[in-house]
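First comes the structure, then the notes that go with it.
The values are calculated or read from the model by the stated rules, or taken from the named source; none is laboratory data. The structure displayed is predicted, hence computed values, not measured ones. Note: ideal-geometry Cβ built from the backbone for every residue, glycine included; neighbour counts use all protein chains shown.
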Amino acid sequence: MKPIFFSIVISVVLSDMFLLSEIHAEDRRPNVILIYSDDHGSLDLGCYGAKDIISPNLDNLAKRGVRFTQMYAPAPVCSASRAGLMTGKFPARAGVPGNVSIMYSRPGMPTEEITLGELFQSAGYTTGLFGKWHLGYSEATVPSAQGFDESYGMHGGVIDSYSHYTGYEGPNRHDLWKNGKEIFEPGKYFPQRLTDECIKFIKKNREKPFFAYVAFNIAHYPVEPSLESWEDYENVEEQKVPFAKEFPATVSVRRLYAAFVTDMDKQIGRIIKTLNEEGLDNDTIIIFQADQGSSFEERTGWSGVYRGGKFSLFEGGIRVVSLVSWKNKIPENTVRDQIVSGCDWFPTLAEFCNINYPDDSLKEDLDGRSIAGVITQNDISPHEHWFWYMPSERGGQRALRKGIWKLYCNPIDPSSLQKIPDEDKEIFLSNLRDDPSEKTNFAKKHPEIVEELKVLLTQYNERLKEKITVRGNNNK
């Protein structure tokens, strides 16, 4: 049963924040399209410096809006990151510290949590999810029960883009759904189909405000680019990454990955074109963000100087690509270097869309903070420090960032590019100003910083107490 939150009529007030008076000058609330990529390397877009990624639509989106350099994923795995995005809370506080099961009828995020879909529904928006959910497979935790009027995609975490079957927690199972009903579309390319459905949703709801959550399965394995995008890389010189593999002898994994990312860029281009054709480009906030860093299991995503990747709280696992555009409402071709988090989108969109909370209890329960001021007028970060938790061996990973320092407990580096010495396996102190690659442990050199951050870490641990419940052991 959802809280009384949804029976309360939400009032509308004008914000006195810089630029927001202009933003709310029109009667119509803005549409929101929130796009999430999957296992996407920390720097894997042209606008982030990847010279072998063809991404003109996302690069243009960056020119039309704000690009973040220190946007952090709520977690370094799929379900937990999405829980943080959907609720504005630390994933463990939302009941999803790790990945939920992808088995049929398995519960996911607790139903008492308020999602972005439910927030927008409460304000009269029509809501749609297109793509990957991965926050529950039971009747009470699928998209239709968690705030989405329409949905198309997979309930679990991974499918083949053409057959729509998954082999995890076997035997092979089909996982393609539309509005809660299983559908079969063998041979149809999933990234294109989810975009088709999103475009239909936009056209159908062009006269009233809508919220569309578009969650691509790119660049999660299996890496299956279209032939068209594969051929786009015929003459592109490949990035020489240290973990690149060759299979078969002449086929590059990096090229497969890059072409897959380009497929996503093309589909996003179709969505943007539709907004323009429907006259909605001035009325729509577009956000693009990765759920976490690239995985080293099957792909070759690029994190540049940043160490680690998916499953890890080193920067390569949690520092992500992130863009926001709102034509004529927020600055264009602008870079923000403040420390911000995916949990911040919940309160930020509530502010941008002028959605009031029914009382202070929900707002105060959020861990995210509005970054509207960061976006519009370059305010300082609303976070003096930020925290991550993820279950793992040796008592779970925890990390805390404050200023240039990051304390990392029980560190993991899935890349295997740099082994963690025994003396560093419990406490690792990073200096992200002097050593953004996190090659050096500064803990012995700065014990006073370690102690200061440990005190903060203890406070966060208390906040999480009794909320850390592992809901499935699938880590894919």
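Looking at segment 287-325, which of the residues that are of a type in the set (Lys, Arg) and part of a loop (DSSP other than H, G, I, E, B) is surrounded by the most Cβ atoms within 10 Å (Cβ to Cβ)? Talk me through it step by step, then tell me what you get.
Restricting attention to segment 287-325, the residues satisfying the condition of being of a type in the set (Lys, Arg) are 299, 307, 310, 319.
Of the ones still in play, those that are also part of a loop (DSSP other than H, G, I, E, B) are 299, 307, 310.
Numbers: Arg299: 24, Arg307: 21, Lys310: 30.
Here the answer is Lys310.
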(request) Could you grab me the full set of residues in segment 335-372 that are small (Gly, Ala, Ser) and surrounded by fewer than 20 Cβ atoms within 10 Å (Cβ to Cβ)? (result) Ser361
(request) Take Glu351 and decide whether it is charged (D, E, K, R), outside any loop (DSSP other than H, G, I, E, B) and within 22 Å of the chain's Cα centre (by Cα). (result) yes
(request) Collect the residues in segment 440-474 that are modelled with pLDDT of 95 or more and not in a helix (DSSP H, G or I), keeping them in residue-number order. (result) Thr440, Asn441, Phe442, Ala443, Lys444, Lys445, His446
(request) State the number of residues belonging to segment 320-356 that are hydroxyl-bearing (Ser, Thr, Tyr) and without any contact (Cβ under 8 Å) to a residue 60 or more places away in the chain. (result) 1
(message) Can you find a residue that is among the aromatic types (Phe, Trp, Tyr) and free of Cβ contacts under 8 Å to residues at least 40 places away in the same chain anywhere in segment 129-151?
(response) yes
(request) Residues being within 22 Å of Val321 (Cβ to Cβ), of a type in the set (Ser, Thr, Tyr), assigned to a helix (DSSP H, G or I) and without any contact (Cβ under 8 Å) to a residue 60 or more places away in the chain: count how many of those fall in segment 357-383. (result) 0
(request) Could you identify the single residue in Glu197, Glu185 that is surrounded by fewer than 18 Cβ atoms within 10 Å (Cβ to Cβ) and acidic (Asp, Glu)? (result) Glu185
(message) Would you confirm whether or not segment 297-305 contains a residue that is basic (Lys, Arg), modelled with pLDDT under 95, assigned by TED's automatic domain parsing to the domain that holds Leu45 and under 21 Å from Gln418 (Cα atoms)?
(response) yes
